[in-house]
Amino acid sequence: MITKLINRILRRDPMVRHTVAHTSGAPKRVPKKSHRIDPNLLSKNAVKVTHTLQQAGYDAFIVGGAVRDLALGIGPKDFDVATNATPEQVQKLFRKSRLIGRRFQIVHVTFFGKGQPEIIEVSTFRALLENAGEHVAENGRILRDNVWGSQHEDAARRDFTINAMYYDPATETVLDYHGGMADMQKKTLRMIGEPAKRYREDPIRMLRAIRFAAKTGFTLDAATHTPIAQLGKLIQDVPSARLFDEILKLLMSGYSWAAIQGLRNAGLHHGLLPLLDAILDNKVSSKEAKDFVRIALENTDHRIQSGKSVSAGFLFATLLWPDLLSNWKKNIAAGLSNIPALHDAMDATIASQSNGMTIQRRFESDMREIWSMQPRFEKRVGRYPYRLIESPRFRAGYDFLLLRCANGEQNPALGQWWTDFIGADPTDQDALMASVKNDSGNPAAPAKRRRRRKAKIAAPSEDTAS
């Protein structure tokens, strides 16, 4: 017990390989008057995590993208903390925490409040793996990454200079190891170390480079940009689940349309996600399809930048819609009736995404429900519309319909009718129903009068993305 206390006071730990004596790795200390980080943008929970770790005798800093965004005057979506405490030591300090990951072991500390739970991700300083052959594949990709080191080494292991800064809320000081502040002033995105080697260690860094450039408006420096065209094929070696997570971050960054254009310009879209091939290839995709996807992504970006929620299922439904619509029309031309043709088109469209990044099944059900709702919007007879607006996914399907109307694929009058129907009282809803003609040209049969409550309309939720 006494030994443990002494180790904490002296900040020693036999499980952590410190190399603080590396004077060549001394960071530049940036005071508050220079970095101008607004403390009001900080997460109280992230500050609590750093304070708890420091009180226990460990080093702890807010790190990475959160520091970058804070220095840019942007409120970060997520906060990460880096420390010299091992994952097991971190977990002992926080009751509501859990260890995750095998290749890259970290601790998730969860805080519950009035809104959504906040997760603070805590990682231990990583060591350099120059001679750790058992941790690195033949192509250079890091396989396991649980060798602890010093803060100096941890900074050298990070990808871009603007992501290698450490902020201490207690002293309001930024530790800048690789000139990240200077690169931010020059609006430059620069890789730490030799870019080609860093991309081989983790091919996902190529996608991160495109995402960060789109989000910040910074320019990739020549040395960082040049190897991407040659090494892009290494992304195919990344596990599907990890690739999915990175693409989802890109699409839900708030700058997805700019990021997708960046993927095309860098030559990274081919084979990565089949739906991107169809969208971005001029020989494959029509102008109408591109316009639909552009409108959908721009609406998604607007929602995210406005602090509104976005559903990944809705987003993928929009990206795959041009392909589904083409398959649907082909099935009808082949003699299938409307609804069976749609369901067969769904199966074919989703199956076409089996190569490259695989869309997770939990989003497939949302996509199918949104798609299957589209022909139902055209059926405005009897009690049908009253039942439809009570569907849990009604808002998502309705927003999707409005995108189709905005693109000219569907008659805008249909979208306006549903907009009016949603906002009408029961009497006006009945009047709107009476104004509709069914497919045969006859007035829609009036619904039988019966005592009913006003239909519940699904409130906007994370299912919507427009």
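The values are calculated or read from the model by the stated rules, or taken from the named source; none is laboratory data. What you see is a predicted model, and the numbers here were worked out from it, not measured in a lab. No Cβ is skipped: glycine too gets one built from the backbone with ideal geometry, and neighbour counts run over all protein chains shown. Keep in mind that these areas ignore ligands, DNA and RNA; they rest on the heavy atoms of the full protein, side chains included. Shrake-Rupley method; radii C 1.70, N 1.55, O 1.52, S 1.80 Å.
Cα gyration tensor of the range 163-269, axes a ≥ b ≥ c as square roots of the eigenvalues: rounded (a/c below 1.5), prolate (a/b > b/c) or oblate? Working shown, then result.
Working: a/c = 1.65, a/b = 1.53, b/c = 1.08.
Since a/c reaches 1.5 and a/b is larger than b/c, the shape of the range 163-269 is classed as prolate.
Go through His343, His35 and list them by solvent-accessible area, largest first, probe radius 1.4 Å. Before the final figure, lay out each step's value.
Numbers: His343 85, His35 5 Å².
Reading off the accessible areas and sorting them downward yields His343, His35.
Please provide three numbers in whole Å: the alpha-carbon extents of the range 203-247 along the principal axes, with the largest listed first.
The Cα atoms of the range 203-247 stretch 28, 23, 9 Å along the principal axes, largest first.
Using a 1.4 Å probe and counting only protein heavy atoms, arrange Trp328, Trp257, Trp371 so the residue with the most accessible area comes first. Display every interim value, and only then the final one.
On the way: Trp328 25, Trp257 55, Trp371 0 Å².
So the residues, ranked largest to smallest area, are Trp257, Trp328, Trp371.
Report ³J(HN,Hα) in whole Hz for each residue of the range 27-41, in order, from the Karplus equation J = 6.51 cos²θ - 1.76 cosθ + 1.60 where θ = phi - 60°; Gly and Pro get x.
x, 7, 8, 9, x, 4, 5, 9, 7, 6, 6, 7, x, 5, 8
Ranked by accessible surface with a 1.4 Å probe, highest first, in what order do Ser311, Ser337 come?
On the way: Ser311 10, Ser337 70 Å².
In descending accessible area the options line up as Ser337, Ser311.
For the range 61-116, which trypsin sites (Lys or Arg not before Pro) are in a loop by DSSP, counting at most 10 other Cβ atoms within 10 Å? Let's see the in-between values first.
Numbers: sites: Arg68, Lys77, Lys92, Arg95, Lys96, Arg98, Arg102, Arg103, Lys114; in loops: Lys77, Arg95, Lys96, Arg102, Arg103, Lys114.
Sites meeting the loop and neighbour criteria: Arg95, Arg102, Lys114.
Not counting ligands, DNA or RNA, and with a 1.4 Å probe, what is Ser240's accessible surface area in Å² rounded to the nearest 10?
Ignoring ligands and nucleic acids, Ser240 comes out at about 50 Å².
If you average the C-alpha positions of the range 27-58 and of the range 361-417 separately, how far apart do those two centres end up, in angstrom?
Using only Cα atoms, the two centres lie 47 Å from each other.
Just to verify a number: what accessible area does Leu414 come out at with the full protein assembly present, 1.4 Å probe, Å² rounded to tens?
Spelled out: Leu414, probe radius 1.4 Å, area about 10 Å².
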